[in-house]
Amino acid sequence: QVATNKALENTGIKVEMLNDKMTKLKGTVAGPPDSPYEGGQFDLDIDIPESYPFCPPKIKFITRLWHPNVSSQTGLICLDILKDQWAASLSLRTVLLSIQSLLALPEPNDPQDAVVAKQKMAEPELFERTARFWTQHYAKGDGVKEKEFVEKVESMKCLGTSEDQSISTLSCCGWDLTKATDYFFS
């Protein structure tokens, strides 16, 4: 039912079945307008347990993103309805819409990723720039990547780090190349 829901697709959410039992799904959530995730397409890994709907689905992001309520390393999501606030009356549609809403309204006071949450609270402009860069890089977001960030990633790569390691380390170090280099090589 969710996989063929046209109304859901109109909200920027798609679901694809990966097996016949409907226990393994792939979701895609469009980044909300007027957010640093705008224009991005974020893939989700969705596992439906045998005990569903009495237990929540297990959902994590496949696409990397910079968000206080999503682990920048594992894609795990901090969302109450995926844990202790789950109710059997909730649908997968409701969960996916809630995840999309979470992208529009990050909650740094209940983080999954403390480094990202700290940046969101202490340096909101840098958080927005970083989240937009990650969206452009990992989620095929619109726009031109910030030249300063691209140059710093290239500098880190010249030191022998991978592109992903460079982006993660620089992001965690507030895009300070000296701090990132010291952190990575210490």
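Table for the structure above
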read-out	value
Helical contribution to [θ] at 222 nm, DSSP H n ≥ 4, -39,500 (n - 2.57), averaged over the chain, rounded to 500	-11500 deg cm²/dmol
Stretch gain in nm, segment Asp20-Ser91, where the contour uses 0.36 nm per residue and the Cα spacing is subtracted	23.6 nm
Stokes-Einstein translational diffusion, segment 114-185 - Kirkwood Rh over all Cα pairs, 1.306 mPa s, 10 °C, in µm²/s	129
Modelled label reach - Ser51, point 7 Å along Cα→Cβ, segment 15-32 residues with backbone N closer than 19 Å	23-24
Helix runs (DSSP H) in the chain reaching 18 Å along axis by Cα, Kyte-Doolittle at least -1.0	92-104
Overall form of segment 6-104 per C-alpha gyration tensor (a/c, 1.5; a/b vs b/c)	prolate
Estimated dipole of the chain in Debye, rounded to 20 [Cβ of Lys and Arg +1, of Asp and Glu -1, Cα centre]	360
Positive-end extreme of charge dipole, segment 6-104 - chosen from Thr11, Ile62, Ala104 (charges on Cβ)	Ile62
At R0 = 30 Å, FRET efficiency that the Cβ-Cβ distance of Thr11 and Lys179 yields, to 0.05	0.15
Cα centroid of segment 19-67 to Cα centroid of segment 81-123, whole Å	12
Kirkwood-Stokes translational diffusion coefficient of the chain, alpha-carbon pairs, 25 °C, 0.890 mPa s, µm²/s	142
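Every read-out reported here was derived from the displayed coordinates using simple, explicitly stated rules and does not represent laboratory data. Everything numeric in this text was worked out from a predicted model, so none of it was measured. Note that we place each Cβ from the backbone using ideal geometry, even for glycine, and neighbour counts take in every protein chain shown.
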